[in-house]
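The values are calculated or read from the model by the stated rules, or taken from the named source; none is laboratory data. Note that the coordinates shown come from a computational prediction; the quantities given were computed from them, not determined experimentally. Every residue, glycine among them, receives a Cβ derived from its backbone with ideal geometry; neighbour counts consider all protein chains shown. SASA here: full protein model, heavy atoms, side chains in, ligands and nucleic acids out. Shrake-Rupley method; radii C 1.70, N 1.55, O 1.52, S 1.80 Å.
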There are 4 protein chains.
Amino acid sequence: LNTAIKSGKVRAPTHIISTISDDRGEEPCYAGVPMSSIVEQGYGVGDICIMLCADHGPCVSGAHNTIVTARAGKDLVSSLVSGLLTIGPRFGGAIDDAARYFKDAYDKNLTPYEFVESMKKKGIRVPGIGHRIKRGDNRDKRVELLQLFARTNFPSVKYMEYAVQVETYTLSKANNLVLNVDGAIGSLFLDLLAGSGMFTKQEIDEIVEIGYLNGLFVLARSIGLIGHTFDQKRLKQPLYRHPWEDVLYTK
Amino acid sequence: LNTAIKSGKVRAPTHIISTISDDRGEEPCYAGVPMSSIVEQGYGVGDICIMLCADHGPCVSGAHNTIVTARAGKDLVSSLVSGLLTIGPRFGGAIDDAARYFKDAYDKNLTPYEFVESMKKKGIRVPGIGHRIKRGDNRDKRVELLQLFARTNFPSVKYMEYAVQVETYTLSKANNLVLNVDGAIGSLFLDLLAGSGMFTKQEIDEIVEIGYLNGLFVLARSIGLIGHTFDQKRLKQPLYRHPWEDVLYTK
Amino acid sequence: LNTAIKSGKVRAPTHIISTISDDRGEEPCYAGVPMSSIVEQGYGVGDICIMLCADHGPCVSGAHNTIVTARAGKDLVSSLVSGLLTIGPRFGGAIDDAARYFKDAYDKNLTPYEFVESMKKKGIRVPGIGHRIKRGDNRDKRVELLQLFARTNFPSVKYMEYAVQVETYTLSKANNLVLNVDGAIGSLFLDLLAGSGMFTKQEIDEIVEIGYLNGLFVLARSIGLIGHTFDQKRLKQPLYRHPWEDVLYTK
Amino acid sequence: LNTAIKSGKVRAPTHIISTISDDRGEEPCYAGVPMSSIVEQGYGVGDICIMLCADHGPCVSGAHNTIVTARAGKDLVSSLVSGLLTIGPRFGGAIDDAARYFKDAYDKNLTPYEFVESMKKKGIRVPGIGHRIKRGDNRDKRVELLQLFARTNFPSVKYMEYAVQVETYTLSKANNLVLNVDGAIGSLFLDLLAGSGMFTKQEIDEIVEIGYLNGLFVLARSIGLIGHTFDQKRLKQPLYRHPWEDVLYTK
Ligand SMILES: CC(C)(COP(=O)(O)OP(=O)(O)OC[C@H]1O[C@@H](n2cnc3c(N)ncnc32)[C@H](O)[C@@H]1OP(=O)(O)O)[C@@H](O)C(=O)NCCC(=O)NCCS
Ligand SMILES: CC(C)(COP(=O)(O)OP(=O)(O)OC[C@H]1O[C@@H](n2cnc3c(N)ncnc32)[C@H](O)[C@@H]1OP(=O)(O)O)[C@@H](O)C(=O)NCCC(=O)NCCS
Ligand SMILES: CC(C)(COP(=O)(O)OP(=O)(O)OC[C@H]1O[C@@H](n2cnc3c(N)ncnc32)[C@H](O)[C@@H]1OP(=O)(O)O)[C@@H](O)C(=O)NCCC(=O)NCCS
Ligand SMILES: CC(C)(COP(=O)(O)OP(=O)(O)OC[C@H]1O[C@@H](n2cnc3c(N)ncnc32)[C@H](O)[C@@H]1OP(=O)(O)O)[C@@H](O)C(=O)NCCC(=O)NCCS
């Protein structure tokens, strides 16, 4: 069936309309503008992370819940908030954990093999690794943009390189275990903190411990969620109802 | 395509699994138990409203957002809340408005025709009327159960009868304009207030003005949303992602 | 100053008005009715927990945030939700953890001393123990009511007795380390599960592992939070602003 | 009593500690840096609004609820969201309404007197007018900074001047009826839209009708609320409980 739909033979009417951003192609676009063209304009790293994380299409958990709430006729704050509440361990909220675990592993000189297998033994998924859609042969363009930026602008990218080595190892295990955007930002910030010369080792430990980085993602994605809310209101979309056919009713 | 799916020839894999309740048949069921059998056991009217409103399947806005959030690995409160935020003018939050408008129209002796057409002139949808799925020839069983209960137990059902007359008129205009559960509860509570003999006319006006009834729906539906959260956790469902094919990307 | 206020010599104008419930005395009251009189009427244990947890005055985190949001002129759902979001490890959300740890410790035959000290070594606070206000010589009446009920109605109260022994030990360490309502409900449900004869040992393990009990508190407290929202609206309270004098502005 | 506290004779222990921003003096400061020095650096108007609205101290409804939730040990998203939910008609959510009403009144050539009195007749508060603390002789510095900026950089400020005339009239009625930051941003954006030459009259009407401006405030204030969350976590603040003495328990 999916094949039939993709081949254009069958056309199912879509239940959702969206104009904000499009994450289907090689590279995500905001209103038709590809991300790389936005990044190539000489911003700081914080701004770039904000821009890369601002939105990732209408299909991800956050945007989806915001769209559903906006279509229920609710106000901006309720719509935004309903989407924000999905941010967490599986969606957008793994930046700080990625930074913590990568830092710990690197500082202890663990090889990627030792690190990943020790996580497995503890039964913890490696934060910053894995994606629902992206694969080894179809990386996340945002991750590549971040890495390119860091290699060009940062004095040292040792944590980032370590994350890449971890990815090489996990990709050898399964094709979905790519470095995701949370892992990229997490490792990149470790390099930023270490390379800035502004913090003592102890201060860096405390910063990573408290975990400020998820705040960056939350703020950035708020931009996208606010955009989706207005988009649905402008398009005057009616109440959403998930199709019965898509649910398995069981015991 | 939908016809093909329904006829069982094509089988699309479902994206959602649920065990809590089933609203597809004639009558909603909680874990297999039909609602009418629950109602027939001698409870008070408040308890019955709570039970009838506790859940209405996994496809409605509230349950859907709660399910998506739970599948993002978030805690109970975040999941519940993400769903609650969809309750409003189009989903579950029209009880007080229905009570206000029905009361006003009845007390002013407006005929259903005068009432509905005056709302149309003001550009306001009649609260308590309209449903996304139910039709004139496929009423909402919950509405029927409530009306049966009221006719059996209440000294007077004048507001409820008025709501039914309004529905008769709106159904003559369009087949989707049935009396919905918000409208049924709203009118029924007007009869309860008027019939109880416990409140002066002025007190009733104030109660309807402040609007306590949506609280009943919000509390009742919290039960269902908490249930959906645990259901998804128990079933260990992974991160939800809305299918690309179901979105129309446009400008 | 506080002494002066309490002695009645100085009277600071209060910033908050509330009519819902009063938790200042020996025993909490709902609209003037003491809790014990509600409990003495032959309900099941689930109903009693709901009633005991429905509200605990306007000063606790949840009610406070709901009141502030309602006074900002926001709708019922937003006000309710703003308060619900405070429920967690420190406020109302420790029931499942209490059940897990008490069960684990009891089943392993740890003495209260071994249990509490092992938690201390791990740097984890004992969930279900500790209260912001209650003390060894001023127990939480709700805990006493629950224990009385269980002793009267349950075939066995071994987990509850264990929790009491843990409390005896923690109270010997510090006067604030009483068994709180979360700990009482957690242990009581262990007895209920074990005594019902309806579940195998493995099923009980899974129930405690998933953790359904916080849902009970969340649902119960929703009643109180909805009440506080209507209360503030009825009293037409203006926008709340925390007094500057009560904040220490520092670096 | 307040006099005694202010004069420094009596010192009540504060219940809240905060380091993020200070709104007590003439001009709000972020971590000690006064706002005007931030504004004087050649940003665009959107950036300036974001910066002026990012925070306004720990005492306002939003920051307060976020602080309470963070002190209940909840995660970043829950804390942020609990505060965001207070944004609405009385706190930060009046920008779009201010734009709508000011535009309508100006375009209809209503005098400030006619406009304000017609609102009074309809029983609607003039959005963008009024402040809990600021007075005619103690204006909101943020409003002055915005007006200065607009006068220097905008081709025409006719809507802004109209808002100032409205303020002159309302101040003649009561000293608290100053133009607030919502009113200032609302009127300033009308000038921006009208002066940009990019939109037709009809497009401007649609933009104002849908109301995108509250999104600006919501996004800006998210920055402050995220800051307050981290601030409380860094300061390891315990569970907040509102003091009993500050509540009037009544019927
Ligand atoms: C992002 C994520 C939720 C996507 O999950 P998903 O596509 O639903 O993947 P599934 O949960 O179906 O997992 C598929 C398999 O990959 C494994 N896997 C997925 N992510 C993994 C990780 N980070 N580490 C180790 N194994 C992982 C799963 O264990 C599962 O293996 P199994 O089939 O043997 O049980 C998941 O990769 C993850 O949890 N990553 C870690 C947290 C993270 O970085 N989140 C932020 C993403 S922006
Ligand atoms: C419940 C509701 C959201 C379902 O809406 P929906 O199925 O998405 O319906 P649509 O918005 O697509 O409307 C279909 C048509 O019916 C009309 N309509 C729907 N509800 C109406 C009402 N209550 N009064 C008058 N007309 C109504 C619409 O105007 C539309 O007419 P059009 O095609 O000429 O523009 C809608 O009926 C409604 O808003 N009802 C009033 C509020 C209410 O009672 N909500 C609580 C429901 S539990
Ligand atoms: C309920 C609770 C938040 C009240 O906390 P509080 O009054 O703010 O107490 P404080 O955080 O100021 O702690 C006071 C002292 O008691 C200790 N303490 C408090 N609760 C403790 C517990 N459950 N186990 C061990 N020690 C505890 C603290 O470590 C602290 O000791 P210190 O001064 O040596 O550091 C706290 O007791 C707690 O976290 N309990 C466990 C979780 C729980 O049951 N929550 C639900 C309550 S309804
Ligand atoms: C901002 C606001 C909530 C502050 O309110 P507050 O300090 O709690 O003021 P109160 O509600 O106690 O009102 C005091 C008096 O001023 C009047 N008042 C306050 N704002 C008014 C307005 N915008 N228009 C007309 N009258 C107003 C009130 O009616 C009241 O008069 P009364 O004593 O005769 O009844 C209030 O001014 C308001 O609602 N303004 C309009 C909405 C707005 O701009 N909000 C965004 C602010 S950032």
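Per the listing B:ILE185, B:ILE210, B:ILE223, the residue uniquely loosely packed, with under 14 Cβ neighbours inside 10 Å and touching a helix residue (DSSP H, G or I) at 6+ places or on another chain (Cβ under 7 Å) is B:ILE210.
Pairs needed: first member in the stretch A:199-216, farther than 20 Å from A:ARG90 by Cβ; second member anywhere, part of a helix (DSSP H, G or I) and open to solvent by 80 Å² or more (accessible area, probe 1.4 Å); C-beta distance under 8 Å; at least 6 residues apart or different chains. The qualifying pairs are A:ILE210/D:ARG234. Taking residues in the stretch C:116-140 that are acidic (Asp, Glu), and partners anywhere that are assigned to a loop (DSSP other than H, G, I, E, B), the pairs with Cβ atoms closer than 6 Å and at least 6 places apart or on different chains are C:ASP140/C:LYS134. Considering the stretch B:164-197, the residues that are over 22 Å from B:ILE50 (Cα atoms) and assigned to a loop (DSSP other than H, G, I, E, B) include one that is farthest from ligand 1 (Cβ to nearest atom), namely B:GLY197. In the stretch A:42-51 there is no residue that is at pLDDT below 95, within 15 Å of ligand 1 (Cβ to nearest atom), in contact with a helix residue (DSSP H, G or I) (Cβ under 9 Å, 6 or more places away or on another chain) and at the interface with chain B (Cβ under 9 Å from one of its Cβ atoms). Here the stretch D:101-130 is the region considered, the condition is being assigned to a loop (DSSP other than H, G, I, E, B) and under 23 Å from D:LEU213 (Cβ atoms), and the residue that is farthest from ligand 3 (Cβ to nearest atom) is D:LYS108.
Conditions (1) in a helix (DSSP H, G or I); (2) within 14 Å of chain A (Cβ to nearest Cβ); (3) surrounded by 17 or more Cβ atoms within 10 Å (Cβ to Cβ), marked per residue:
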residue	(1), (2), (3)
B:PRO58	no, yes, yes
B:ASP96	yes, no, yes
B:ALA99	yes, no, yes
B:ARG132	no, yes, no
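Taken across the stretch B:144-154, residues that are farther than 25 Å from B:CYS29 by Cα, away from ligand 4 (no atom under 16 Å from the Cβ), modelled with pLDDT of 95 or more and of a type outside the set (A, V, I, L, M) do not occur at all. Of all residues being within 14 Å of another protein chain (Cβ to nearest Cβ) and closer than 19 Å to D:ILE185 by Cα in the stretch D:101-128, which is most open to solvent (accessible area, probe 1.4 Å)? Just the residue, please. Per the criteria, the residue is D:ARG125. Within the stretch B:21-55, being in contact with an Asp or Glu (Cβ under 6 Å, 6 or more places away or on another chain) and buried (at least 23 other Cβ atoms within 10 Å of the Cβ) holds for one residue alone: B:SER21.
Within the option set A:ASP55, A:ASP22, A:ASP107, being over 13 Å from the mean Cα position of the chain (by Cα) and in contact (Cβ under 8 Å) with a residue 12 or more places away in the chain holds for one residue only, A:ASP22. For the stretch D:158-182, a residue qualifies if it is of a type in the set (Gly, Ala, Ser) and either open to solvent by 30 Å² or more (accessible area, probe 1.4 Å) or in contact with an Asp or Glu (Cβ under 7 Å, 6 or more places away or on another chain) (or both), and the qualifying residues are D:SER172, D:ALA174. Counting only residues that are at the interface with another protein chain (Cβ under 8 Å from one of its Cβ atoms) and hydrophobic (A, V, I, L, M, F, W, C), the stretch D:210-251 holds 10 of them.
The set of residues in the stretch B:67-84 being at the interface with chain A (Cβ under 7 Å from one of its Cβ atoms) and either part of a helix (DSSP H, G or I) or over 14 Å from A:GLY92 (Cβ atoms) (or both) consists of B:VAL68, B:THR69, B:SER78, B:VAL81, B:SER82.
Is it fair to say D:ARG139 is more than 24 Å from D:TYR43 (Cβ to Cβ), at pLDDT below 95 and open to solvent by 70 Å² or more (accessible area, probe 1.4 Å)? So D:ARG139 fails the test.
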